[in-house]
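Beneath this line is the structure, given in structure tokens, with notes to follow.
Each value in this text was obtained by applying a stated rule to the coordinates, not by laboratory testing. These numbers come from a predicted model, not from an experiment. No Cβ is skipped: glycine too gets one built from the backbone with ideal geometry, and neighbour counts run over all protein chains shown.
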Amino acid sequence: MSTMAPPAPTPTSASSRPTGRAPIARLAWMLARPGAASPATVALPIVAFAVTTALLLIVLGGVLMFWQRTDENAPAFQMLSLLAIALLIVPLATLGGAAARLSARRRDDRLATLRLLGATTGTVTLVTVVESTALAFLGAIAGVVLYLVSMPLVGLIPFGGGPIGPTAIWTGPLAILGVVVGVALLAAVSSVVGLRAVVVSPLGVRLKQRAPHTSWVRLLVGAIIVAVAYATLSSLGVITDVAILVGALVGAFAASVAVLGLVGPFALSIFAKVRLRRAKTAEQLISARGILESPKAAWRLVGGVAMTSFVAVVAGTGTALLESFSAHSTSEALFIADIRTGVLITLVASFVMVACSVGVGQAAAVLDRRDLYVSLDRVGMPVSTMDTARVRSVMLPLLFVAIGSALLGALLVFPLAGLTLIMAPLSLLVIAICFVLGLALVRLSLLATRPILTNVLAHPERSLG
Amino acid sequence: MNTPLLHASSLVLRYGSTTALAGVDLVIQEGESVAIMGASGSGKTSLLHCLSGILRPDGGFVRFAGPTGTVDLSTLSDGERSRLRREAFGFVFQQGLLVPELTAVENAALPLLLSGYPRADAEARAAAWLAALGLRGLEARRIGELSGGQAQRVAIARAQVGGATLIFADEPTGALDSATSVDVMDALLRSTTGQGHTLVVVTHDEKVAARCSRIVRLTDGQVVSDSAGAASSRSTVPAPGAFAGPAAASTTTTAIAHVPTTDGPAFGGAGWESGR
Ligand SMILES: Nc1ncnc2c1ncn2[C@@H]1O[C@H](COP(=O)(O)OP(=O)(O)O)[C@@H](O)[C@H]1O
Ligand SMILES: [Mg+2]
């Protein structure tokens with residue numbers, strides 16, 4: 001049973017002992033073979049690692065593409081590609097972490113069984129590491145295939161006046177090998193560090209003994225940064241040079257990412273407290289408490305969207321602003337169109353990553369809490385209540401964060417572009433597309449994890465005795 | 001005697017080729033405390049799950065005499081049985097299984113919230129239950145901040161806060177040390193049979209069983225003995241009404257806690273208040 005405390009490692013257990021030591025390979029196979037566990041526990045980590053690997057390779061390929069360019073606009077695009085990386089690194093790391101956690105949690109499931117079979121703690125650890133790494137490796141290989149399959153599709157994206165071509169984001173075999181090994185290592189390390197039997201919240205964090213606190217200092221520092229960024233942008237006045245404009249946008253972006261990271265968790269906890277006070281139903285109560293349990297984890301999950309929706313506003317306005325310069329020459333018009341494409345691609349990628357992390361994290365959270373869900377079902381809590389609580393604990397912070405950071409973005413570009421440009425049809429369109437697409441993607445991934453919950457309830461024998 | 005509260009007849013339950021219950025007959029009267037004992041794998045949990053409508057038996061029937069009449073559990077839909085469990089039965093599991101991010105009082109209030117009771121009232125009633133079970137002052141603690149015994153009392157409060165008068169407990173003291181076991185079992189007995197309610201408890205512990213009014217022993221899915229427990233004389237169990245808890249209004253709750261017919265909360269708030 002997953003709630004069972006893992007046996008304390010004894011000095012002798014890690015070293016080899018002639019007796020009671022089962023062959024690792026056979027044990028690993030016994031536990032990993034189809035049917036030994038619910039298929040979800042094997043399939044999910046593989047899928048999660050596959051998606052992580054594929055997205056990582058696509059992003060890497062895209063960035064490398066810019067760095068291989070030698071035309072006059074190359075430096076600007078290289079800078080923008082770094083910006084894109086900065087934007088994508090957080091959601092990508094979150095996704096990788098979720099995948100690793102998902103495979104490592106199998107350790108708890110199998111621990112008791114293995115001990116009963118006479119395995120020592122050392123054996124248990126080894127089997128777990130072998131298993132996690134193997135799953136990650138399989139996933140990474142599948143991810144490479146996914147990446148290869150997606151290359152022609154990504155190749156349709158127009159850049160520099162025409163489609164980039166099916167091999168444009170090819171990273172080369174060395175980079176692929178590096179990514180596969182890296183993903184497998186990530187899995188191995190997380191399973192060694194191991195997740196002992198822990199109680200986790202729907203957001204997939206370990207519940208602490210004491211309720212966490214967030215401090216006002218963050219808010220203060222955040223406000224100061226916003227003020228400085230605002231003043232800087234205001235003093236820039238009317239900008240006619242595209243390069244300076246891009247520089248200003250990058251600066252505003254960097255400042256705001258810092259602010260969002262600082263203030264985000266705190267703002268979320270305030271938001272959850274208000275929600276908690278207002279909660280009337282069980283699902284409202286549970287979701288508010290779930291966010292409060294770890295505002296940082298909630299932030300980590302949806303923070304990528306904060307960056308994205310912030311950038312959507314800044315970039316939407318930016319493109320509208322750039323559009324107004326576009327009459328000068330065809331090469332400049334092309335440059336602007338390329339920037340807009342790049343921004344949109346980055347936004348879409350970021351939403352895809354957040355949606356994947358939510359899906360993976362929710363799958364893990366449901367499986368981690370299976371005992372609790374089964375018991376709540378027995379006590380007579382309707383499935384819809386459990387599902388609503390879970391969905392709310394993700395969608396509420398997401399909405400709050402998306403709207404909050406969009407407002408912050410509008411505040412920052414206001415001195416630069418003025419209200420007319422923020423409200424320009426083109427920028428509004430970009431923003432609207434991003435919001436609708438992003439929210440729909442995340443909601444969809446939550447919907448996709450509902451069958452896991454109903455499956456857990458349909459097979460209660462796999463949890464409680 | 002009048003209609004039994006719970007009447008199980010020739011219960012058969014199979015898991016594939018394993019027969020967990022091989023024709024169990026059991027009649028439980030209101031106010032009894034029944035200990036179900038037996039070796040591991042003898043079918044105790046299976047029996048408890050059939051009696052409480054968690055599982056539908058492959059053969060036989062379970063009849064529950066609710067205040068609105070007798071219902072045959074296997075004729076109810078999943079939704080109706082779910083509702084029956086929520087409103088008429090209470091459950092205590094081996095490891096509390098409380099929602100970890102909620103506080104003690106919120107956990108105890110959960111069944112009331114699910115029945116559509118206003119939050120303030122639900123929490124007030126839950127707090128009264130916690131206080132009656134010796135947890136006064138711990139209402140705002142999160143589950144991780146409680147000891148195993150305290151968490152189990154929260155589970156006991158949750159089981160009964162909705163007015164349930166039939167409580168099912170599966171090894172409620174199984175994860176506790178022996179001193180804490182005694183305390184928790186005390187709390188469980190006082191709050192149930194102590195006020196005329198009915199308790200069905202699966203246990204490994206002879207000491208726990210000895211405090212019940214009746215002991216049913218299972219072997220290989222069959223009842224091999226059904227005897228009066230040491231407590232059948234009621235000498236060691238407080239008399240009905242002795243439990244000075246919020247459920248002193250047990251007459252109110254007994255009368256209203258029932259199955260399918262109404263949509264509202266399973267008890268009247270005013271009735272409960274006036275009953276204090
Ligand atoms: N979900 C299940 N699938 C298959 N067999 C089961 C399942 N649950 C219980 N059993 C079997 O049914 C028998 C009775 O189990 P159970 O009622 O849990 O016993 P107890 O609670 O007395 O330990 C045991 O042989 C057990 O292995
Ligand atoms: Mg059992």
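Give or take rounding to whole Å, what are the principal axis extents of the alpha carbon atoms in the range B:84-200, in descending order?
In descending order, the Cα extents are 38, 31, 20 Å.
Placing +1 at every Lys and Arg Cβ and -1 at every Asp and Glu Cβ, with all other atoms neutral, what dipole size does the range B:11-65 have around its Cα centre, in debye to the nearest 20?
On the way: 4 positive and 4 negative charges, 41 e Å.
Value, rounded to 20: 200 debye.
DSSP loop (so not H, G, I, E, B), at most 11 other Cβ within 10 Å: list which chymotrypsin sites (Phe, Trp or Tyr not before Pro) in the range B:1-92 pass both filters.
When the chymotrypsin sites (Phe, Trp or Tyr not before Pro) of the range B:1-92 are filtered for loop state and at most 11 Cβ neighbours within 10 Å, nothing remains.
For the range B:10-138, just list the percent of Cα-Cα distances falling in each 5 Å bin from zero outward, please.
Reading upward from the zero bin: 2, 9, 15, 18, 17, 15, 12, 8, 4, 1, 0.
From the phi of every residue in the range A:170-182, what ³J(HN,Hα) in whole Hz does the Karplus formula 6.51 cos²θ - 1.76 cosθ + 1.60 yield, where θ is phi - 60° and glycine or proline is x?
5, 8, x, x, 5, 5, 4, 4, x, 5, 4, 4, x
Collect residues whose amide H, placed 1.01 Å from N in the peptide plane, falls under 5 Å from the amide H of B:S115; neighbours closer than 5 in sequence don't count.
Here nothing satisfies the definition.
Hey, could you pull the Cα Rg and Dmax for the range A:283-465, both in Å?
Over the range A:283-465's Cα set, Rg and Dmax evaluate to 20.5, 74 Å.
Suppose R0 equals 25 Å. What FRET efficiency, 1/(1 + (r/R0)^6) with r the Cβ-Cβ distance, do A:L276 and A:R450 give to the nearest 0.05?
On the way: r = 25 Å, r/R0 = 0.99.
Efficiency, rounded to the nearest 0.05: 0.50.
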